[in-house]
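J.: Would you mind keeping the following structure in view while I ask a few things?
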Amino acid sequence: MFSTPKTASPLALQGGEPVCKTTWPTWPVFDDAERSLLAETLNSGQWWFGAKVKRFEAEFVAFQGSAFAVSCTNGTTAIEMGLRGIGVNEGDEVIVPPYSFIATASAVVTIGAIPVFADIRPDTLCLDPQDVERKITRRTKAIIPVHVAGGMADMDELAQIAQRNGLQILEDAAHAWGSQWKGRGAGTLGRCGTFSFQATKNITAGEGGILVTEDEALADICRSFTHCGRRKGSAWYDHDYLGSNLRLTEFQAAVLLGQMTRLESQTLKRQANARQLDQLLGGLKGIRAPAAAPKMTRRSYHLYIMRLDEAALGVSRDRFVEALNAEGVPASKGWYRPLYANGVFQRAHLGPAHGITEPLADKNVNYTAVKCPVCEQVCRDAVWIPQNVLLTDDAGIRAVAAAIEKVVARASDLGF
């Protein structure tokens, strides 16, 4: 743990020397594994939905600890097909957290259902089970816990709530490749779980997504949806169900297979570096890192998130981030507003209805009075450090901590 110095050197923002002169690990990471697999795919002439897609699905589902996997174009469509697969229909309500990427809620809207926002917990930044229970109505069909930054929602409490109320759970695990709850992988604790392989994610092919489940029938129906409504074993031009074209390509699967070769080691390195950062920052005035739920046994750390006490520091979060950037730490303010504050929800009660601009106008909902106080405060005080920084060496982690300590020591010089 650092002790705050009585006199810190001038902030880089004010002409001082920056603390971090580290070259941070670049992202994405790739090497000859991806090159070889891509060349093999190119030369094979089999570019579409073939052996590499099947191999990647098998490797990912084994890594995460589930039975079945269905890959698709991205994490958003994975949520959409998962919701359809578990039986969410038009007009049903789905409880979601407001501290997430828009896809968690927009996927609900896309299939004609209605997002209902429940607040998050201030310690984990994930769904608050008590507020979830308060938001359940006779129209509620499902709950989508989001495992923020690789930290997991309280799956035991949520499972009990779901069981008592006859609800389905779809885990949005877009940040949680490798995270575990009592030894079980994220995405495997609900009816199904979805993951993203978008460009910034800890395993990436630029885009891509996947759904995992223990339920073979659910996997089959989700596969049908990604595959133009074809059923397993049907003729090519038989389209028995509603479907779309959401298939992962062989090129994406080739890249993801290369990414899988280092996912385990990277996960362990990020976790170790995050723990070291926790120790180095422990007790530092005005800084706190959200804790992992006590039943988590592994945490993937897509982000390192800390929260600021602006009053104690005497500086605004945005000014703090600006100063930290100047010291060489690529921090950001992350999700800066609750999902319900976005225009698509603030205009939900207006019309006329339109499939893109006003998709909720005929649903008899009004989000203008929605308040989730914990989420709103977190959106004001959270600071994110991206996952590639957690792949640095010991000196790099110490430099990050020293930069944070320096900005804390000089925070009162910055003002609001």
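The values are calculated or read from the model by the stated rules, or taken from the named source; none is laboratory data. None of the values given here were measured: they were computed from a predicted structure. Note: ideal-geometry Cβ built from the backbone for every residue, glycine included; neighbour counts use all protein chains shown.
J.: Which one is nearest to A51 (Cα to Cα) among residues in the range 209-252 that are of a type in the set (S, T, N, Q) and surrounded by fewer than 21 Cβ atoms within 10 Å (Cβ to Cβ)?
T.: The selected residue is T249.
J.: Search the range 44-71 for residues being within 21 Å of the chain's Cα centre (by Cα) and among the hydroxyl-bearing types (S, T, Y), and hand back the single one that is surrounded by the fewest Cβ atoms within 10 Å (Cβ to Cβ).
T.: Residue satisfying both the conditions and the ranking: S66.
J.: Residues in the range 52-60: is at least one assigned to a loop (DSSP other than H, G, I, E, B) and touching an Asp or Glu at 6+ places or on another chain (Cβ under 8 Å)?
T.: no
J.: Pick from R121, R134, R138: which is basic (K, R) and in contact (Cβ under 8 Å) with a residue 40 or more places away in the chain?
T.: Answer to the check: R121.
J.: Any idea how many residues of the range 293-325 are under 19 Å from T124 (Cβ atoms) and not aliphatic (A, V, I, L, M)?
T.: So the answer is 11.
J.: Considering the range 179-200 alone, what residues qualify as being part of a loop (DSSP other than H, G, I, E, B), surrounded by fewer than 23 Cβ atoms within 10 Å (Cβ to Cβ) and not hydrophobic (A, V, I, L, M, F, W, C)?
T.: Answer for the range 179-200, where residues must be part of a loop (DSSP other than H, G, I, E, B), surrounded by fewer than 23 Cβ atoms within 10 Å (Cβ to Cβ) and not hydrophobic (A, V, I, L, M, F, W, C): K182, G183, T188, R191, Q198, T200.
J.: For the range 211-244, what are the residues that are in contact with a helix residue (DSSP H, G or I) (Cβ under 7 Å, 6 or more places away or on another chain) and assigned to a helix (DSSP H, G or I)?
T.: Result: L218, I221, C222, F225, T226.
J.: Being buried (at least 23 other Cβ atoms within 10 Å of the Cβ), touching a residue at least 40 places away in the same chain (Cβ under 8 Å) and more than 25 Å from T22 (Cα to Cα): is that true of P338 here?
T.: Yes; evaluated as a whole, the condition is true for this residue.
J.: Among the residues in the range 264-284, are any under 30 Å from V70 (Cα atoms) and either of a type in the set (D, E) or modelled with pLDDT under 95 (or both)?
T.: yes
J.: Check whether at least one residue in the range 268-291 is in contact with a Cys (Cβ under 8 Å, 6 or more places away or on another chain) and farther than 22 Å from A105 by Cα, and report yes or no.
T.: Taking every residue of the range 268-291 in turn, none turns out to be in contact with a Cys (Cβ under 8 Å, 6 or more places away or on another chain) and farther than 22 Å from A105 by Cα.
J.: Given the condition under 25 Å from the mean Cα position of the chain (by Cα), among the β-branched types (V, I, T) and in a strand (DSSP E or B), answer yes or no: does some residue in the range 376-394 qualify?
T.: Checking the range 376-394: at least one residue is under 25 Å from the mean Cα position of the chain (by Cα), among the β-branched types (V, I, T) and in a strand (DSSP E or B).
J.: Give the residues of the range 94-112 that are buried (at least 23 other Cβ atoms within 10 Å of the Cβ) and either of a type outside the set (S, T, Y) or free of Cβ contacts under 8 Å to residues at least 40 places away in the same chain (or both), sorted by residue number.
T.: V94, I95, V96, P97, P98, A103, A105, A107, V108 - these are the residues of the range 94-112 that are buried (at least 23 other Cβ atoms within 10 Å of the Cβ) and either of a type outside the set (S, T, Y) or free of Cβ contacts under 8 Å to residues at least 40 places away in the same chain (or both).
J.: Ok, one more. Which residues, counting only those in the range 33-51, are out of contact with any Phe, Trp or Tyr (no Cβ under 7 Å at 6 or more places or on another chain), in contact (Cβ under 8 Å) with a residue 60 or more places away in the chain and not in a helix (DSSP H, G or I)?
T.: Q46, W48, F49, G50
J.: Moving on to the next point. Working carefully through the options R319, R298, find the one that is surrounded by fewer than 22 Cβ atoms within 10 Å (Cβ to Cβ), touching a residue at least 24 places away in the same chain (Cβ under 8 Å), within 30 Å of D31 (Cβ to Cβ) and out of contact with any Cys (no Cβ under 9 Å at 6 or more places or on another chain).
T.: Only one candidate passes the filter, namely R298.
J.: Please give the number of the condition P386 fails out of (1) of a type outside the set (V, I, T); (2) in contact with a helix residue (DSSP H, G or I) (Cβ under 9 Å, 6 or more places away or on another chain); (3) farther than 30 Å from G112 by Cβ.
T.: (2)
J.: Pairs, please: C-beta under 8 Å, at least 6 apart or cross-chain, first residue of a type in the set (S, T, N, Q) and in the range 222-241, second part of a helix (DSSP H, G or I) and surrounded by 16 or more Cβ atoms within 10 Å (Cβ to Cβ)?
T.: Close Cβ pairs satisfying both conditions: T226/T77; T226/M81.
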